[in-house]
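Novice: The structure's right below; bear with me while I get my questions together.
The values are calculated or read from the model by the stated rules, or taken from the named source; none is laboratory data. Keep in mind that this is a model prediction, so the values were computed, not measured. Backbone-built Cβ (ideal geometry, glycine too); neighbour counts: all protein chains shown.
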Amino acid sequence: MMRKLWLLVGCAGPALSLATPVLAEVPGVAALVEQGRYWQGKGRQDLANQAFRRALTLDPNSAAARAALAGPPRKAATPKPVAAAPTPQPVRAAATPAPARTWQPSPAPRAVQPSAPAQRGGSSRAAGFKALDDGNLAEAERDFQRAVAANSRDADAQGGLGLVRLRQGNFAEARDRLEQASRLGNAAQWNEALQSARFFAGLGEARAALAQNRLSEAQNTAEQLMRSGYPQRGPAIELLASIYEKQGRYADAADLYRQAKENGSQNDTRLASRAARAKALAAAANGDEIGAEQAFHSGLLLGQNDPWIRLEFARYLLARGRGSEVESLLSSLSSSSDPDWLYAGALLNAEMGRDPAAEALIGRIPEMQRTEQMRNFAVGLKIDAAVERAKALGAQGRQAEGLSAVRQLAATPGLDAARQASLADALYELGDREGAASLAQQAMSGEISDPQAYEPIVRVLAKTGRDAFATAAIQRAGQLAGPSAEGQKVMARMNGVMAASQADRMRLAGQNAAAFDLLQSAWNAAPGNQEVLGALARLYQSGGMPAQAAQTYQMLLAQSPTDRGATMGLIETAGAAGDRELARRTMDRALQANPNDYEIYMAAARMEKARGDDGAAVRYLKRAQELYTRRSGAAGTLTSANPFATTVSGNNPFRNQQASAVAAPMANPFALSGSSRLPATSAPIAPANSGYGYAAPSQPFPTGGTPSAPMAGGGSGNIGSSAYADASGGPAGDPVLGRIQSEISQLTRESGPRADLNTGYRERSGETGLSALREMTGTAQVSTGLGNGRISAKAQAVALDAGRPTGSGLARFGRNGTAEAEAIVAEEESALTQAKTQHASGVALSAAYETPLLKLELGTTPLGFEDTQVTWQAALTPRFSPYTTARIWVERKPVTDSVVAYAGTRDPVTGDRWGQVMRTGGGVSFSYDRDGAGIYGDFAYNRYAGVNVPNNRSFQANVGGYLPFYRGDRSSVTGGVNVNYQDYDNNQNFFTYGHGGYFSPQNFFSVSFPVRYSFTDDRMEIRAGVAPGYQSYYQEQVGLYPTDPTAQAALDALKAQNSDVRSYYDSISKTGFALSADGSFYYRVSPSTRVGGEISKNTFGSYDEFKSMIGIKQSLGGSQ
């Protein structure tokens, strides 16, 4: 019997079963036995043994399972080095799995007979060796256990039990039993069996450490095995190669794979393929793209039946944006029926974001042929799909249902930490911050062996402000990662996640400068971190620096070409920065890669709206609406070179807006230029494989403290009103559809046909018949979208009334000053010529075309006035950034201070006509507004000409700034300061013949302190403002008849005779308090109709002025 003992030792380890199966009475046993035989046929004895053991768990008396697991005695063959089975991952596998083969201990030579049996347990021991000789491991196990129980110091019984454990593959216990037998008896007889047990026990421990990502421990054990002197050390070499590969030591791994192949007794093409793969990864890590591709192609030729090198090559190509080649490899993986090929294809689909395709491929693998990691992967896909459906419910306004679904998933028993973290992230997105943080902390307290599994935990904890827990999670991950290069990459990414989340929180709290400093520090600690780049791009974007954001998004896409959020961010920021070509090119690539992604169409719509093409924006929104409706209606189908450089102190753009970037060979996102393109020396944006919208900046802060007549800012005299979005929900209360429909409706209102009707009243204080003015207007305007702007036609009925000059006022009207002077000299009562009531009416016509950049207008003064003049305006409004705007304009407009200035009148004495002053000139303006704070300034020059009045010239400068005092969700209060200066060549603020009848001081200076309040909701808009301040102006002395030298000379002669005669108007100066105030109210009675009114009062200047307006805006044709 003992002669056969060492033959049994030589057959230790799992063997292929050739026994005839018997019918299992317990359901499921036969299927498991058949599954085991399938894997035996594939050379996967480890998986076969798993199936056989599961069958014995169901039915311990199953003879078929026992026979298959034990296997018949056979002569041992030289072991063949084969890779270990891929480690089951808690989430979708990131590392490349490899097909496993079982290493068997080599046969031991004959040894001397064991020592004589001890008296106690001798019969049981003898029976155990007999059963072992017959291949009945279960019976041998029971006999040896009885012998050991009878005498624990029985060396042969301990050794026999060790041989049983060796045959069963329980190498650790076999080692322990054989070591005890060696100590108790003849060590030499157990020596070679003990070597096998020690080697394979150590191999199992190293594999377990590798599976749990304890890489340092696995490396030390594997290196000890290589130095152990065991003759067939191929499996230890291959295992160490796998460890080196996971540590990123690809060149060392390639060398060891070659050694493992040479250590085997046969030509193992699988190891050659793995060596080529490691060589390719080493070349790629060193930047040798040509060498990497050559090694990959070599590996593909060597391993024509190896799906894993195809997966690794596809990942390599995917990272470089070579989509068509990836599709070819994916097609080859998907066309196979082999489980490993289908699994590799499913992994690749999942990494490309194609979960339905991944689920379809994994579904093609029969359940009995699935490994544990395949089952984990399939379960992960189903959970991910359920999470996506829950998020979709939340997006449709059914947040409670979505949260309920995620909470039910989180309550599933046996969820690993990574899946719990994924569910925590879903809870966060659905608004349950506390639940998300709690679940993430629960996941952190679970058993985690992979440092990467901590990443989603850190992400959720950091986003919810649990920085202490997030830091603890990072520290635990660091202990698992160890000093390996791969582990350090994981840690760098996790630290980037932490810094990015903290920076996002700071950004949302308005702490842009602190967020910038934090990200810069994080980059210096981990250059190339994509999380830091993404957070920096978002910071630039929300901070009003779209050009810098666009450059940073390009850097991010150069590293990760398929990053959907970065792609959409680049579309919006390039468009906002005015780089239409870059935005369009990025959008086209994104739509080519994801033609059914409604969010890309929404980003495209925001881009078109930012550049003023409302028609294109509406088309994109309608396509987004169609895609979203289709998607939500189908339930169940939801689906480096260093770009940073250390910057000098103080180069934070949020603290020092004037700081300039230091020239560097590579682009530095912390010191970017104002261009939306990366410098030529920087890494270009990689081609795509086939996520903050910006509102337009508000208008400059109303000046408030300037007289209305002389202001020549180039804008309309009417008080403007701004449209606001209708935020009503979409069908069935879906907020996404509601938002899309609201934007379509708003853009349609802005670009579609519209009618505006309003009536206004203006009143200026002053003397009846002279400076007093009451004006009524009725305006009808129709407009519609045309190209990139709107074309409009307007008719405005105007009625002016100043009353009839009487008394002293009549003496200062027309040429009545001469009659008054003659009467004074003659000491007689004045015989003044009565004037008519100062009244004029007519209809002004105009047509205009306006885009965000250009405005052209042509019109007339009111038809019905005694004379009609042509009016026009041309203006350019370039936008240098979302918050920086300039304006250049030229125009010809009437002066509307009085009836004389606006319509002209006739001298009651001679019948000569004078007045009707036209202002011709232009100017420039600049405004900068960011987050409700800003500065502005405008400078204008005008020439004034009228009928029988002197020509005049004026210059005006207006500057100011403002800050938000309060900002809420719907309302705000803003305050600031405004300074205005004006200068006219001559004084024409009187009403005798030759005067223009408009305020024209020789210098005017005012300082006001405007405070404005605004409120906007879905239907109502309220605006109010008040601007108290001070003014000082001076008007020089001027003759009564500036355009009639003869009449003026006669007055001067009369003045010489009697000093009471008025031949000139005295100079005037005034300094004091002044006030302006205004308010408006608009109400949307329907999506296409808005009514409201405006009112204002202004005491700056020489007269007080009151304005009011009531109007209605009606969109024509609905919102289609």
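Novice: Can you name the helices (runs of 4 or more DSSP H) wholly within segment 242-320 that have at least 2 residues being of a type in the set (Asp, Glu), more than 24 Å from Asn349 (Cα to Cα) and at pLDDT below 65? Even if it seems obvious, please write down each step before you answer.
Specialist: Working: elements: 250-263, 269-285, 289-302, 307-319.
The qualifying helices (runs of 4 or more DSSP H) are 250-263.
Novice: Can you name the number of the only condition in (1) within 30 Å of Gly738 (Cα to Cα); (2) β-branched (Val, Ile, Thr); (3) not in a strand (DSSP E or B) that Val1061 fails?
Specialist: Checking Val1061 against (1) within 30 Å of Gly738 (Cα to Cα); (2) β-branched (Val, Ile, Thr); (3) not in a strand (DSSP E or B), the one that fails is (1).
Novice: Moving on. Sort out which residues of segment 434-450 are crowded, with 16+ Cβ neighbours inside 10 Å, modelled with pLDDT under 75 and of a type outside the set (A, V, I, L, M, F, W, C), and write them in order of number.
Specialist: Ser449, Asp450
Novice: Let me ask something additional. Where in segment 577-675 are there helices (runs of 4 or more DSSP H), lying wholly inside it, with at least 1 residues that are out of contact with any Ser or Thr (no Cβ under 9 Å at 6 or more places or on another chain), at pLDDT 70 or above and closer than 19 Å to Gln746 by Cβ? Steps first, please.
Specialist: Details: elements: 580-593, 598-610, 614-632.
The qualifying helices (runs of 4 or more DSSP H) are 598-610, 614-632.
Novice: A further question on this structure: So, Ala462, is that one buried (at least 22 other Cβ atoms within 10 Å of the Cβ) and either under 27 Å from the mean Cα position of the chain (by Cα) or at pLDDT 80 or above (or both) or not?
Specialist: Values: buried (at least 22 other Cβ atoms within 10 Å of the Cβ): yes; either under 27 Å from the mean Cα position of the chain (by Cα) or at pLDDT 80 or above (or both): yes.
Here the answer is yes, as Ala462 does meet what is asked.
Novice: Which one of Glu827, Glu767, Glu763 is farther than 30 Å from Phe880 by Cα, surrounded by fewer than 20 Cβ atoms within 10 Å (Cβ to Cβ) and touching a helix residue (DSSP H, G or I) at 6+ places or on another chain (Cβ under 7 Å)?
Specialist: Details: Glu827 fails: touching a helix residue (DSSP H, G or I) at 6+ places or on another chain (Cβ under 7 Å); Glu763 fails: touching a helix residue (DSSP H, G or I) at 6+ places or on another chain (Cβ under 7 Å).
Just a single option satisfies the conditions, and that option is Glu767.
Novice: Sticking with this one: When you scan segment 947-970, do you find a residue that is of a type in the set (A, V, I, L, M, F, W, C), more than 22 Å from Ala1027 (Cβ to Cβ) and crowded, with 22+ Cβ neighbours inside 10 Å, even just one? First the steps, then the outcome.
Specialist: Here is the first cut: in segment 947-970, the ones of a type in the set (A, V, I, L, M, F, W, C) are 947, 949, 955, 957, 959, 963, 965.
Filter once more, keeping what is more than 22 Å from Ala1027 (Cβ to Cβ): 947, 949, 955.
Filter once more, so that each one left must be crowded, with 22+ Cβ neighbours inside 10 Å: 949.
Yes, the conditions are met somewhere in segment 947-970.
Listed here are the residues, each with its yes/no results for (1) outside the structural domain of Ala272 (by TED's automatic domain parsing); (2) modelled with pLDDT under 80; (3) buried (at least 24 other Cβ atoms within 10 Å of the Cβ); (4) over 60 Å from the mean Cα position of the chain (by Cα).
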{"position": "Asn151", "(1), (2), (3), (4)": "yes, no, no, yes"}
{"position": "Ala193", "(1), (2), (3), (4)": "yes, yes, yes, yes"}
{"position": "Leu203", "(1), (2), (3), (4)": "yes, yes, no, no"}
{"position": "Ala218", "(1), (2), (3), (4)": "yes, yes, yes, no"}
{"position": "Gln232", "(1), (2), (3), (4)": "no, yes, no, no"}
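Novice: Now for a separate question. Please work out if Ile1112 is in a strand (DSSP E or B) and at pLDDT below 90. Walk me through it before giving the result.
Specialist: Values: in a strand (DSSP E or B): yes; at pLDDT below 90: yes.
Considered against the rule, which asks whether it is in a strand (DSSP E or B) and at pLDDT below 90, Ile1112 comes out as yes.
Novice: Could you go through segment 873-881 and let me know if any residue there is in a loop (DSSP other than H, G, I, E, B), surrounded by fewer than 17 Cβ atoms within 10 Å (Cβ to Cβ) and under 34 Å from the mean Cα position of the chain (by Cα). Outline the logic, then answer.
Specialist: Going residue by residue through segment 873-881, those that are in a loop (DSSP other than H, G, I, E, B) are 877-878.
Remaining after also requiring surrounded by fewer than 17 Cβ atoms within 10 Å (Cβ to Cβ): 878.
Imposing the further condition that a residue be under 34 Å from the mean Cα position of the chain (by Cα) reduces the set to 878.
For segment 873-881, residues in a loop (DSSP other than H, G, I, E, B), surrounded by fewer than 17 Cβ atoms within 10 Å (Cβ to Cβ) and under 34 Å from the mean Cα position of the chain (by Cα): present.
Novice: Same structure again: Considering only segment 1027-1047, state which residues are under 25 Å from Arg815 (Cα atoms), among the polar types (S, T, N, Q) and surrounded by fewer than 16 Cβ atoms within 10 Å (Cβ to Cβ). So that I can check it myself, show each step before the final result.
Specialist: Initial filter on segment 1027-1047 (under 25 Å from Arg815 (Cα atoms)): 1035-1047.
This time we only want the ones that are among the polar types (S, T, N, Q), so: 1035, 1037, 1043, 1046.
Of everything in segment 1027-1047, those that are under 25 Å from Arg815 (Cα atoms), among the polar types (S, T, N, Q) and surrounded by fewer than 16 Cβ atoms within 10 Å (Cβ to Cβ) turn out to be Gln1037, Thr1046.
Novice: Something else: What is the one condition in (1) closer than 26 Å to Asp563 by Cβ; (2) buried (at least 18 other Cβ atoms within 10 Å of the Cβ) that Asp340 does not satisfy?
Specialist: Condition not satisfied by Asp340: (1).
Novice: Could you please let me know if Ala1024 is modelled with pLDDT under 95, surrounded by fewer than 17 Cβ atoms within 10 Å (Cβ to Cβ), among the hydrophobic types (A, V, I, L, M, F, W, C) and over 30 Å from Leu621 (Cβ atoms)?
Specialist: no
Novice: Quick one: how many residues across segment 353-383 are modelled with pLDDT under 80 and charged (D, E, K, R)?
Specialist: 1
Novice: Give, as residue ranges, the helices (runs of 4 or more DSSP H) completely inside segment 361-459 that count at least 3 residues that are more than 29 Å from the chain's Cα centre (by Cα). Before you say what the answer is, go through the steps one by one.
Specialist: On the way: elements: 372-395, 399-410, 417-429, 433-444.
Fully inside segment 361-459 and qualifying: 372-395.
Novice: While we're looking at this one, here's another question. Could you go through segment 839-850 and let me know if any residue there is part of a loop (DSSP other than H, G, I, E, B) and either at pLDDT below 95 or aromatic (Phe, Trp, Tyr) (or both). Lay out the reasoning, then the answer.
Specialist: From segment 839-850, those part of a loop (DSSP other than H, G, I, E, B) are none; that's our starting set.
Within segment 839-850 (the criterion being part of a loop (DSSP other than H, G, I, E, B) and either at pLDDT below 95 or aromatic (Phe, Trp, Tyr) (or both)), the answer is no, since none of the residues qualifies.
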